[in-house]
Amino acid sequence: MKRLISTLSLLVAICGSAMGQAFDNLPDPVADVNRVIDNTPDSIGKALMNRPAPGSTRVGTNPVLFLIGNSTMRNGTLGNGNNGQWGWGYFANRYFNATKITVENQALGGMSTRTFYTKLWPAVREALRPGDWVIISIGHNDNGPFDEGRARAVIPGVGDDSLRVKIKETGVEETVYTYGGYLRRYIAECRAAGATPILMSLTPRDDYDAATGKIVRKPQTGWAAIVAAEEGVPFVDLNEISGRKLDGYSKWKEKYHFFGDHIHSSAWGAMMNARSAAEGIMQSRNPDLKPLQSMMINVALPTWPVEREEGKPVVWITGDSTVKNADSDPDGMWGWGALAGTVFDTKKITVYNAAMAGRSTRSYIREGRWEKVYNALRPGDFVLIQFGHNDISPITDPKERGVIKGTADTCHVYRMEKDGRYEVVYSFGWYLKKMIDDVREKGAEPILVSLTTRNEWPEGKVERRNDTYGKWYREVVSDTGVAFLDLHNLIADYLDRHYKGKEDAAEYFKKDHTHTSLKGARNNAKMVAKGLKEMHSRLADYIK
């Protein structure tokens, strides 16, 4: 306790006395009424040091967008995902032009509308300047006892009720207001400082309404909407925007947007909520938001620039360098996707090769390449999913493309060597299942394609990796029922028939044992066509 008090004293000296109020009396973490344990209070000193001093991110005379919330906005002691949970405030700056405005995440885990107002808001209020913006999205923790433990409960609703309490552990007296009463106080004090408040409903929980089968909408949404209407401030229904997205996902996909419990989001969920918040602001017709909207970026969904023609589906090809390579020098390395136009009838179907050299399932998704495919998909499209050559590699090295071996729905938090960033990494099969699930969600047809064969000839026959990748592909097929094109063994059969060993097959490859020559890539494309016909795939109808 002495060490904690000492830490807080240092914070007071550096950041101002308002930042260090009353935290030395917080109890150890305990499960709340939602059976969630918030681990922030046990290391509140570290948490405060890792939050920016209010207003410290301001650049010149530019405005600051302050984020007011709890662990769904800023999670964990350090807020960096080292516990696998992320708050959406971490990703909010993606949607604002940093040359015009800075986004300052002042949220802290464990805070309620009441405790944030009494303990953290005073320092934020002092930092406000005319032209600033304040997003207030808080309320997940507004429950429990009024006068003991964390003492963070508020009176439900938007009335003018109040309650005078004495905190049992400290003897401190406090007036407790309604949820709406606290929101009105935030609003009034923002306006007094010349800042514009924005009320935003809460993030959704992993909780389904038994009657509708949809994600539960929080009651605070209606309360915040009422206060916003009464006070004439912008309101963004984040609960509804994100809830509607979750409703459209499979139950499997909805679940991985949370991590560890039913309230806190994974990186997937946090990024979704950050985008939902940005979309809600940008789509608002409230004239008060026009200045903020003019400072926003990246709100439009990213997509690949495919040129669609009426009545023609698109076959999307995803993968690594064996699918897309330099594809220019006749004597260089080629991916079979560059030759896809030689086997598909482009009068009937559009071919788009979205593969990228050096990518694994994980890195292809993390870099946003898969998102651009997902956003561009339309019902009737086809997606060929082919990965493997780069997946079983170091997980934390600078390339950050390794995955956990196998197909189990498993994951682990890893710290990356390059920049110390934390990432939850999943299994090879998990990433494939994600892509398959995403394609089906859009009404398109996924086809899993096994990795191409290498120029390795153990015991006089070309290498077949059926005890690793082959096994994993088939497990994914068993789990999902996805159509499977076993390109690996089709190519291997061809090589065994036409070549006698590594040196003889050298013309099929280029520079190494993995990448194909123009001749090899052309034949691999033919093997794709052959496999589709043998599968009786609907995509075979579009083969020349």
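The values are calculated or read from the model by the stated rules, or taken from the named source; none is laboratory data. Worth saying up front: this structure is predicted, and the values here are computed from it rather than measured. As a convention, Cβ positions derive from the backbone with ideal geometry for all residues, glycine included, and neighbour counts pool all protein chains shown. All accessible areas refer to the heavy atoms of the entire protein, side chains included, with ligands and DNA or RNA removed. Shrake-Rupley method; radii C 1.70, N 1.55, O 1.52, S 1.80 Å.
Summary table
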read-out	value
Counted residues, region 338-359 - those being open to solvent by less than 10 Å² (accessible area, probe 1.4 Å) and in contact with a Gly (Cβ under 7 Å, 6 or more places away or on another chain)	1
Matching option when the condition is under 30 Å from residue 441 (Cα atoms), over 36 Å from the mean Cα position of the chain (by Cα), without any contact (Cβ under 8 Å) to a residue 40 or more places away in the chain and open to solvent by 60 Å² or more (accessible area, probe 1.4 Å), among 534, 507	534
Test for residue 395: is it open to solvent by 10 Å² or more (accessible area, probe 1.4 Å), within 27 Å of residue 325 (Cβ to Cβ) and touching a strand residue (DSSP E or B) at 6+ places or on another chain (Cβ under 6 Å)	yes
Every residue from region 488-504 that is open to solvent by less than 20 Å² (accessible area, probe 1.4 Å), part of a helix (DSSP H, G or I) and over 23 Å from residue 383 (Cβ atoms)	492, 495
Filter result for residue 452 (of a type in the set (Val, Ile, Thr), surrounded by fewer than 17 Cβ atoms within 10 Å (Cβ to Cβ) and at pLDDT 95 or above)	no
1 or more residues aliphatic (A, V, I, L, M) and open to solvent by 30 Å² or more (accessible area, probe 1.4 Å): qualifying strands (runs of 3 or more DSSP E) within region 103-209	162-166
Pairs with Cβ under 6 Å, 6+ apart, first in region 240-257 and under 27 Å from residue 224 (Cβ atoms) and modelled with pLDDT of 95 or more, second part of a helix (DSSP H, G or I) and small (Gly, Ala, Ser)	241/276; 241/280; 242/276; 257/269
Single condition residue 261 does not satisfy, out of (1) surrounded by fewer than 20 Cβ atoms within 10 Å (Cβ to Cβ); (2) under 23 Å from residue 372 (Cα atoms)	(2)
Whichever residue in region 87-124 is touching a Leu at 6+ places or on another chain (Cβ under 9 Å) and aliphatic (A, V, I, L, M) and, among such residues, is nearest to residue 238 (Cα to Cα)	92
Residue within region 315-329 that is under 19 Å from residue 511 (Cβ atoms) and aliphatic (A, V, I, L, M) present	yes
Filter result for residue 365 (of a type outside the set (Lys, Arg), in a helix (DSSP H, G or I), touching a residue at least 12 places away in the same chain (Cβ under 8 Å) and open to solvent by less than 40 Å² (accessible area, probe 1.4 Å))	yes
